[in-house]
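Okay, so here's the structure we're looking at.
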Amino acid sequence: MPVSVLRLSRILSGWRLGERGRLRALLPFLLLAGGALGPVRAAPAETLPGEVLQALRAVGLPPDALAVEVRPLARADAAARLAWRETEALNPASLMKLFTTGVALEQLGPSWTWRTPVALHGRLDAEGVLHGDLVIQGRGDPSLVLERVWLLLRELRERGLREIRGDLLLDRRAFALPPHDPAAFDGEALRPYNVGPDALLLNQQVLRLRLVPEPEAGRVRISREPPDEAAPGADFLPLAAPGTPCGDWRAALTPRLQPGQPLRLAGRYPAACGERLWAFADPEPARYAARLLPALWAELGGRLQGRVREAPMPAGARLWFHAESPPLAHVVRDINKFSNNPMARQLALTLALEAGQPPRAPIEGPEPDPLALPPPATPEAARLLIEAWVRERSAGACPAEALRVDNGAGLSREGRSTMHCLAGWVAALWFGPAMPELLASLPVAGVDGTARRRDRDWGPARGRAWLKTGSLRDSLGLAGVVQGRSGQRYAFAALLNHADAGKGRPVLDALVRWTAEDAPETAARPAAPSREAAR
């Protein structure tokens, strides 16, 4: 079996000093033995840069809390410039979204759109009255936010519909999902990032409370979006004492839930905060559409005689029109720039759904039924599809043991990836057809998205690094593309995996700066890592 320079270097690093010296003297002769050795490539640095070691010491993290691979993007098979614990399979947190969004751009194409069918089951007369049901069939569109739901209903009015004398039916069969517990991951059931997937995900099932101070009355007015018939008017809370600074205003308020009652707040609100919005995952997701759709429809002057209910597409229903999403490239940008978990999960399931869908424009043969659904998408099918595509495209960097996708968003304790796999995937995307759209979707260091934080020291990488961020309780990472001063671009993947990983942003920033300086030679070697110390 061929022996690589990297493998020999690692063997040598484990020998005692005297033996190591004698073996190093033999290394040039071993390299000349072409029959025994494979192709010779420059070995990656197996030491951490000095400033990275200093940053680790400053925050109290051991070197083996870090895993990293940096490789130049000069060519597809370029050797890594830095590789440290790069083959350890760790929880990458939201770096996982790079796999989901990259596969989607390559499989579906950046201009692909979701098309949500709207169908009539009954007769629409000349007066704009539908004698029957209106049906909306979910196909997984993650971009049906409030504005787009409003536009969908407005199109109904523009097409002449004034009154629905039947029911408004919601067909959610496109996804076959296990029961979702929003508190299962971290106990934060009201956080919007814990919203589960849904074939017809409306406004990401977010409840927004708008807080408007009324200093003259000594109170703050709280209104809901969407409105709730159980609380038809506004709520009120007293203002904090005059002169109270805004500070952490959320900490001064307590969300309260009682059975059969909408979410309400308790506490005192500082007038200095001005008007604010506070977003929650709706505590009653099953009722969300039944509250949102009638309220918006009534605002547009429409009437609904029946009710909103979940039901399959009725036999005999006919397609009226499709509500089309923005292009996939726009949706991927929202997912990566702002690390949107519900949208990423929707996208992963969409990949599985589309895998069973007939072509939209068949070259020959009859047109497919526009209301017929393929086999429902499952989380397991989505996982297997993404993993298989990444393995195929990453030139051996992502074998089965190096990648487990789980839900496609990274909000999981089960997801795993090595930094070698992640850097290899970034390189594959760089040399693939989706590179422009993928790069444009990533947060720019110090400029926008989740990489905008002003307290981060990006140095020469500011504005020249496109990096997906990821963080969980014990994981903190960055992955993407960094441009060096020379103009050379590098695939970058780094992850801190430790109980105190949250303290490690200066470490990752130091790695990004080092890469932006064109990854100069390293000069310091940390102690040999203890595998037990890293989590």
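The values are calculated or read from the model by the stated rules, or taken from the named source; none is laboratory data. Source: prediction; values computed, not measured. With ideal geometry, Cβ positions are generated from the backbone for all residues, glycine too; neighbour counts draw on all protein chains shown.
Computed values, structure above
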| quantity | calculated |
| --- | --- |
| Members of the range 262-289 found to be of a type in the set (A, V, I, L, M) and at pLDDT 95 or above, listed by number | LEU265, ALA266, ALA271, ALA272, LEU277, ALA279, ALA281, ALA289 |
| Qualifying residue in the range 199-216 (condition: part of a strand (DSSP E or B), over 20 Å from ASN340 (Cβ atoms), more than 19 Å from the chain's Cα centre (by Cα) and without any contact (Cβ under 8 Å) to a residue 60 or more places away in the chain) | yes |
| Check on ALA311, at pLDDT 95 or above, over 27 Å from the mean Cα position of the chain (by Cα) and under 16 Å from VAL135 (Cβ atoms) | yes |
| Residue among LEU319, LEU293, LEU277 that alone is among the hydrophobic types (A, V, I, L, M, F, W, C), under 30 Å from GLU188 (Cα atoms), out of contact with any helix residue (DSSP H, G or I) (no Cβ under 9 Å at 6 or more places or on another chain) and in contact (Cβ under 8 Å) with a residue 60 or more places away in the chain | LEU277 |
| Strands (runs of 3 or more DSSP E) within the range 458-527 that include 1 or more residues within 24 Å of PRO62 (Cα to Cα) and of a type in the set (Phe, Trp, Tyr) | 489-497 |
| Qualifying residue in the range 411-424 (condition: outside any loop (DSSP other than H, G, I, E, B), of a type in the set (S, T, N, Q), touching a residue at least 40 places away in the same chain (Cβ under 8 Å) and closer than 17 Å to VAL512 by Cβ) | no |
| Some residue of the range 116-124 being touching a His at 6+ places or on another chain (Cβ under 8 Å), of a type in the set (Lys, Arg) and closer than 26 Å to ARG307 by Cβ | yes |
| Count of residues meeting criterion [in contact with a Lys or Arg (Cβ under 9 Å, 6 or more places away or on another chain) and surrounded by 14 or more Cβ atoms within 10 Å (Cβ to Cβ)] in the range 204-233 | 17 |
| Filtered residues of the range 123-145 (kept if of a type in the set (D, E, K, R), without any contact (Cβ under 8 Å) to a residue 24 or more places away in the chain and part of a loop (DSSP other than H, G, I, E, B)) | ASP125 |
| Hits in the range 280-311 - residues which are hydrophobic (A, V, I, L, M, F, W, C) and closer than 19 Å to GLU147 by Cα | PHE280, ALA281, ALA289, ALA290, LEU292, LEU293, ALA295, LEU296, TRP297, ALA298, LEU300 |
| Residue satisfying condition, being part of a loop (DSSP other than H, G, I, E, B) and in contact with a helix residue (DSSP H, G or I) (Cβ under 8 Å, 6 or more places away or on another chain), within set LEU161, LEU177, LEU153 | LEU177 |
| Selection from the range 373-386 of residues that are in a helix (DSSP H, G or I) and either touching a residue at least 24 places away in the same chain (Cβ under 8 Å) or in contact with a His (Cβ under 9 Å, 6 or more places away or on another chain) (or both) | PRO379, ALA381, ALA382, ARG383, LEU385, ILE386 |
